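Here is the structure we will look at.
The values are calculated or read from the model by the stated rules, or taken from the named source; none is laboratory data. All values derive from a computational prediction rather than experimental measurement. Note that we place each Cβ from the backbone using ideal geometry, even for glycine, and neighbour counts take in every protein chain shown. Surface accessibility is based on the protein's heavy atoms, side chains included, excluding ligands, DNA and RNA. Shrake-Rupley method; radii C 1.70, N 1.55, O 1.52, S 1.80 Å.
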Amino acid sequence: MPSFDIVSTFNIQEVDNAVNITAREVMTRYDLKDQKCRITLNKTDKKITVEAANEMALKATTDILQNRTVNRKLSIKIYEFLDIESAAGLSVRQTINLKEGISKENSKKINTFIKDLKLKTQSQIQGDQLRVTAKKIDDLQTVIEKLKGSNIDIHLDFVNFKK
């Protein structure tokens, strides 16, 4: 029976590349040169830390990061932006968590979304991923198309498509 898995993953090396390109661009931009902007990636905790002299420079740095992420063919939905906090002196800091895996709540949302399509498909939650099966490949392709067009707030990948 044809099936595929729905997962939420990203390539940490591509995120690292986006962070490094952002750091280089911040150093060369005239308006951000003296703003003490710094961006670092902690691969073990899967967090990005952005520091800047003021909120405007911080916002500009995160915008550059988002643009470079899209250029690296990654989804911006992998980022969870936390609140901006004060750092030493007048500087500000923002932590960005990298989201991976599908939580139980999101799994249930996706499951009900698939059931509401009224196709002859079955979906089951398997840890932090979902498996969708159907008798017809066309039904599976319709599910993928509808999920890509939905407004679910996490990044979805469709893997292990088996005929």
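If the only charges are +1 at each Lys and Arg Cβ and -1 at each Asp and Glu Cβ, what is the size of the charge dipole of region 60-119 around the Cα centre, to the nearest 20 debye?
420 debye
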Note to self: Given the -39500 (n - 2.57) contribution per DSSP H run of 4+ residues, what per-residue ellipticity at 222 nm results for the chain, rounded to the nearest 500 deg cm²/dmol?
What the structure shows: -12000 deg cm²/dmol
Notebook entry, point to check: Using the Karplus equation 6.51 cos²θ - 1.76 cosθ + 1.60 (θ = phi - 60°), what ³J(HN,Hα) coupling, rounded to whole Hz, does each residue of region 53-58 give in order, writing x for Gly and Pro?
Noted result: 6, 8, 5, 4, 5, 5
Item checked: Entries in Lys77/Lys135; Lys47/Lys148; Lys109/Lys162 that, when Cα-Cα distance is taken, lie over 28 Å -> Lys77/Lys135
Next item on the list: Pick out, from Ala87, Ala60, Gly149, the residue whose Cα sits farthest towards the positive end of the charge dipole of the chain, with +1 on the Cβ of Lys and Arg and -1 on the Cβ of Asp and Glu.
Entry: Gly149
Next item on the list: Rounding to the nearest 20 debye, state how big the charge dipole of the chain is about its Cα centre with +1 on each Lys and Arg Cβ and -1 on each Asp and Glu Cβ.
Entry: 680 debye
Notebook entry, point to check: Got a number for carbon plus sulfur as a percent of the chain's accessible area, 1.4 Å probe?
Noted result: 48 percent
Check: Computed on alpha carbon atoms, what radius of gyration and Dmax characterise region 1-124, expressed in Å?
Finding: 18.3, 61
Item checked: Å² per residue, accessible surface of region 88-163 at 1.4 Å -> 63 Å²
Checklist line | Cut-off 12 Å between beta-carbons: net charge of the residues surrounding Asp16, Lys and Arg +1, Asp and Glu -1 | finding: +3
Checklist line | Backbone HN-Hα couplings from phi across region 38-46 [Karplus 6.51/-1.76/1.60, Hz, Gly and Pro as x] | finding: 9, 10, 9, 10, 9, 5, 6, 8, 6
Next item on the list: In Å and from the alpha-carbon atoms only, list the Rg and Dmax of region 107-163.
Entry: 10.5, 29
Check: What list of ³J(HN,Hα) couplings, whole Hz, do you get for region 22-33 from phi and the Karplus terms 6.51, -1.76, 1.60, once you set θ to phi - 60° and write x for glycine and proline?
Finding: 4, 4, 5, 5, 5, 5, 9, 6, 5, 6, 10, 4
Next item on the list: Would you mind working out the accessible area per residue for region 1-86, using a 1.4 Å probe, and quoting it in Å²?
Entry: 57 Å²
Next item on the list: Label region 59-107 by shape, choosing from rounded, prolate and oblate, from the square roots a ≥ b ≥ c of the eigenvalues of the Cα gyration tensor; if a/c is under 1.5 it is rounded, and otherwise prolate applies when a/b is larger than b/c, oblate when it is not.
Entry: oblate
